[in-house]
Amino acid sequence: MRAPSRTVPRPRLDEVDKALIRLLQEDGRMSYAELASTVGLSPAAVRQRVLRLVRDGVMQIVAVTDPISLGFDIQAMVGLRIEGDLEQVSSKLSAIEEVDYLVITTGRFDLLAEIVCESTEHFLDVLNQIRTVDGVVSSEVFSYLRLVKQTYDWGAR
């Protein structure tokens, strides 16, 4: 899912939309019938609302996996300093399969990229690929030792 542009007006969410989002964050596999009985609408109306929320980019329904259990032993955040066109460099970096998260930021780094790899050798190959992208001036690697907290349930304010 691509992050919404800050210049695009946000969709208006009513209390039912917010309730659907909260319920699906608790259990993304809830049926339309279960959701409908909870929020007081018909399953067809709930289906339309959920599809609209997905279509409008408000939410997505996905399976979140544990990279370690799937054989991806290396996870790291890479801070990048960029020279030149930030959007162009971001586009090149986001095309790298192992970059699963990329944000433009402020502070010491221009970009933060999360990398997930199968091995140290694989990670080194990806890091070299990143470092050779035109416009990447420097990088600093923050290797993940243990995941302490990861949530996706910030709700709908």
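Given the condition under 30 Å from LEU13 (Cβ atoms) and touching a helix residue (DSSP H, G or I) at 6+ places or on another chain (Cβ under 8 Å), answer yes or no: does some residue in region 72-90 qualify? Checked against the condition, which is being under 30 Å from LEU13 (Cβ atoms) and touching a helix residue (DSSP H, G or I) at 6+ places or on another chain (Cβ under 8 Å), region 72-90 yields no hits at all.
Criterion applied to GLY84, GLY135 was being on the phi > 0 side of the Ramachandran plot and either among the aromatic types (Phe, Trp, Tyr) or touching a Leu at 6+ places or on another chain (Cβ under 9 Å) (or both), and the one residue passing it is GLY135. The single condition from (1) in contact (Cβ under 8 Å) with a residue 24 or more places away in the chain; (2) under 30 Å from LEU13 (Cα atoms) that TYR144 fails is (2). If you check VAL78 against the conditions, is it in contact with a strand residue (DSSP E or B) (Cβ under 9 Å, 6 or more places away or on another chain), among the β-branched types (Val, Ile, Thr) and within 30 Å of ASP17 (Cα to Cα)? So VAL78 does not fit the description; no. The residues on offer are VAL62, VAL54, VAL148, VAL103, and the sole one that is surrounded by fewer than 16 Cβ atoms within 10 Å (Cβ to Cβ), in contact with a Leu (Cβ under 9 Å, 6 or more places away or on another chain) and under 30 Å from LEU20 (Cα atoms) is VAL103.
Taken together, the values in this text are just the output of simple stated rules run on the coordinates, not laboratory data. Since the structure is predicted, the reported quantities are computational estimates derived from the model, not experimental observations. Cβ: placed from backbone, ideal geometry, glycine included. Neighbour counts: every protein chain shown.
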